[in-house]
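Right, one structure below, let's go through it.
The values are calculated or read from the model by the stated rules, or taken from the named source; none is laboratory data. These figures come from a predicted structure and were not determined experimentally. Here Cβ is always computed from backbone atoms with ideal geometry, including for glycine, and neighbour counts include all displayed protein chains. When the accessible area is computed, the model is the full protein with side chains, heavy atoms only, and any ligands, DNA or RNA have been set aside. Shrake-Rupley method; radii C 1.70, N 1.55, O 1.52, S 1.80 Å.
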Amino acid sequence: DLSGRVALVTGSTSGIGLAVARRLARSGATLVLNGLADAAAADALCAEFRDVYGVPVRFQPCDLRKPAEIEAMIAELNDAYGALDILVNNAGIQHVSQIEAFPVEKWDDMIAVNLSASFHTIRTALPAMRARNWGRIVNMASISGMRGRAGKTGYNATKHGLIGLTKSVALETAKTTITCNAICPGWVHTPLVQKQIDALAERDGLDNAAATDRLLGLRQPSGKFVTLEQIAGLCEFLCSPDADEVRGVAWAMDGGTTAA
Ligand code: NAD
């Protein structure tokens with residue numbers, strides 16, 4: 001039961017972040033949503049959360065590429081709530097390209113959103129969390145933080161970095177009731193992955209179903225997507241009292257990929 005807890009989920013206007021936000025709201029948490037949605041879409045999403053889950057919810061616009069915006073966001077949330085109880089660093093972007101052709105601005109954006117944003121949210125949220133003496137930090141990494149992959153230098157670098165950040169923050173908070181962990185999903189069917197299916201379909205002249213099978217066959221032994229609900233369930237567990245001593249883990253949920 002997360003009633004009374006305040007949760008910020010970054011990148012929660014779509015995909016995994018939205019599923020995590022829904023799950024935490026269903027458990028009673030007060031929700032702060034974030035992402036690149038326009039004001040009308042954000043309002044509609046907040047209204048839906050209030051209707052369906054009956055919890056307080058707000059949308060906090062913030063471009064996570066910009067440290068000053070992150071600082072302002074966390075300061076505003078600390079003012080509003082005293083502290084964040086749950087911080088889910090979920091927002092992430094992908095770009096697939098061989099390193100020689102990798103656009104430098106995409107690399108910079110990826111480092112900013114997938115890695116540096118978590119550094120900034122954690123360093124600015126932690127003091128108030130410590131003062132309240134309870135907290136959960138969950139970083140959405142990837143099995144790309146545990147394995148390399150041709151074409152994914154940027155993504156691999158940021159996700160390996162995020163797991164390293166997770167472990168060190170877990171150690172810095174190990175004597176407290178604050179935990180910091182990473183979730184490492186395999187393929188989950190979201191807009192971020194559909195773009196990779198579309199690229200495969202175009203490259204190999206396949207229809208959507210065949211391209212999807214090929215993508216899953218690339219490295220997910222189950223041959224199935226991990227579902228949004230399953231990832232959300234793992235995040236909810238990490239926020240529960242049973243997970244009090246889960247510290248600094250990089251927890252794969254990947255249909256067997258990292259077992260191979
Ligand atoms: P998605 O594209 O569906 O959602 C990404 C979210 O991040 C959106 O809400 C978007 O608005 C937000 N976002 C992007 N750039 C932003 C910025 N500059 N500022 C603020 N918000 C920004 O992606 P998804 O598949 O749900 O991925 C969510 C997380 O899970 C990412 O970190 C991704 O790397 C990770 N992940 C996804 C998969 C998968 O198979 N889908 C696998 C492993 C890890």
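Counted as qualifying within region 135-246 are the helices (runs of 4 or more DSSP H) with 1 or more residues that are surrounded by 17 or more Cβ atoms within 10 Å (Cβ to Cβ) and modelled with pLDDT under 95, namely 191-204, 208-219. When Ala131 is tested against (1) closer than 21 Å to Arg5 by Cβ; (2) open to solvent by less than 50 Å² (accessible area, probe 1.4 Å); (3) away from the ligand (no atom under 11 Å from the Cβ), only condition (2) is not met.
Could you please let me know if Ile99 is hydrophobic (A, V, I, L, M, F, W, C) and open to solvent by 80 Å² or more (accessible area, probe 1.4 Å)? Answer is yes for this residue. Can you find a residue in region 38-56 that is more than 10 Å from the ligand (Cβ to nearest atom), part of a strand (DSSP E or B) and on the phi < 0 side of the Ramachandran plot? No - not one qualifying residue is present in region 38-56.
Filtering region 69-93 to residues that are within 13 Å of the ligand (Cβ to nearest atom) and either farther than 22 Å from Leu18 by Cα or open to solvent by 40 Å² or more (accessible area, probe 1.4 Å) (or both) leaves Glu69, Ile93. What do you reckon, is Leu115 more than 20 Å from Gln98 (Cβ to Cβ), open to solvent by 30 Å² or more (accessible area, probe 1.4 Å), assigned to a helix (DSSP H, G or I) and among the aliphatic types (A, V, I, L, M)? Judged against the criteria, Leu115 is a match. Being within 15 Å of the ligand (Cβ to nearest atom) and either on the phi > 0 side of the Ramachandran plot or acidic (Asp, Glu) (or both) is a description that does not apply to Glu202.
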